[in-house]
Structures are given as C-alpha cells and as structure tokens.
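The values are calculated or read from the model by the stated rules, or taken from the named source; none is laboratory data. Note that the coordinates shown come from a computational prediction; the quantities given were computed from them, not determined experimentally. Virtual Cβ from ideal backbone geometry, glycine too; neighbours counted across all protein chains shown. Side chains included, ligands, DNA and RNA excluded: accessible areas come from the protein's heavy atoms. Shrake-Rupley method; radii C 1.70, N 1.55, O 1.52, S 1.80 Å.
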Amino acid sequence: MKTLLYVEGEELALEYNQHGDSDDVYDLVWNGQAQQPAHVAAIRDDTITFLVDGHPLHAYVVRDGDRSLISIEGRTYEFNHTPPRHARARQRGTSGSFEPEIRSPMPGKILDVKVVTGEVVEDGQTLVLLEAMKMENALAAEGHARVASIHVADGDLVELGQVLVELEPIEAE
C-alpha cells in the first residue's frame with residue numbers, strides 16, 4: 001500500500017506491505033529507500049508500539065483533519081495528507097528558515113515558558129516546554145530573533161495550532 005504525505009510542501013512517499021505471512025510485520029519503503037522491517041507490537045488508543053531491531057519504539061499519533069502529528073522519542077513530526085494549495089512563504093534569517101509564530105503542535109499543557117518578552121534568542125534555543133501525549137516537547141526558535149510577545153503561562157492548557165510565542169527576526173551580530 002502506498003501513502004503520500006506532505007511536509008512543508010514536499011511530497012513524501014511511504015509504501016508498506018505485510019512481511020511474509022505475518023499480520024503484524026511490515027516492510028517499509030520511504031521515498032524509494034527500503035527500511036528495516038517494523039513489527040507492530042501493540043496498538044492502544046493513539047499509541048502504536050513498534051519493535052525495531054528488537055527495541056520498542058512508541059509513536060503517539062494525533063489526527064487533525066488533513067494532518068497527523070506523530071511524536072516519537074520527544075520529537076514531533078507533522079504530516080499533511082493532501083497536497084498544499086500553495087507553498088508556505090517563510091522569511092529567511094541568517095541561520096536558514098524562520099517561523100515568527102511558535103504554535104502548539106498538539107493539545108497539551110505548558111510546563112515552562114523559558115523566555116520573556118524582549119529577550120533575544122538564538123537558533124535552536126528552547127522557548128517553551130509543552131507536555132503532550134505523555135511526552136515533554138521542547139519548542140525552539142528557528143533563527144536569531146527577539147521575543148515579541150508571549151501568549152501562554154506555566155500551567156496553561158493549549159489547543160492544537162494555538163500561538164504560544166511570537167518572534168521578530170533580527171540580524172545576528
């Protein structure tokens with residue numbers, strides 16, 4: 001079976017087929033590259049546990065309309081199931097792409113706001129810690145910027161896509 005997913009406008013092809021006679025082992029091909037067979041150990045609620053090379057790997061999945069959010073080992077990945085109507089324009093900073101609005105990748109609870117309004121932040125610096133799907137997620141700046149506004153506080157419950165922090169790009173010194 002083949003599924004097309006889209007990440008930031010780029011098409012990704014995922015092919016998966018049952019491995020031999022087993023109902024819970026799949027051969028995976030990601031963009032034409034074969035991967036190790038994945039054994040589905042358990043599926044509960046929004047959690048899928050795979051055995052990869054004998055080690056458990058937990059994937060927490062949230063579906064929101066035409067997109068899915070998947071959290072694996074503290075990292076969250078966003079996939080769209082329909083092609084984008086237009087490419088998302090992004091400003092370019094000194095360290096690459098820059099997104100001025102830091103949004104919640106899934107519903108959750110704010111554990112810690114690590115910055116204050118007016119603070120200058122660096123690429124990769126953690127701005128907010130979000131607890132979602134039993135995982136702690138560090139949301140970081142994607143470039144050199146100044147914190148323009150903060151829309152949440154420690155303990156707040158947030159929705160998918162809610163703006164948490166707004167940044168203004170600044171040139172690195």
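Here are the numbers:
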item: Members of the stretch 116-144 that are closer than 14 Å to LEU164 by Cβ and open to solvent by less than 40 Å² (accessible area, probe 1.4 Å); result: VAL121, LEU127, VAL128, LEU129, LEU130, ALA132, ASN137, LEU139, ALA140, ALA141
item: Test: GLU171 is open to solvent by 60 Å² or more (accessible area, probe 1.4 Å) and touching a residue at least 60 places away in the same chain (Cβ under 8 Å); result: yes
item: Matching residues in the stretch 105-126 - criterion: being modelled with pLDDT under 95, assigned to a loop (DSSP other than H, G, I, E, B) and under 16 Å from ASN137 (Cβ atoms); result: PRO105, MET106, PRO107, GLY124, GLN125
item: Residues of the stretch 66-100 that turn out to be small (Gly, Ala, Ser) and at pLDDT below 50, as a count; result: 5
item: Count of residues meeting criterion [in a loop (DSSP other than H, G, I, E, B), farther than 24 Å from LEU57 by Cβ and aliphatic (A, V, I, L, M)] in the stretch 127-149; result: 1
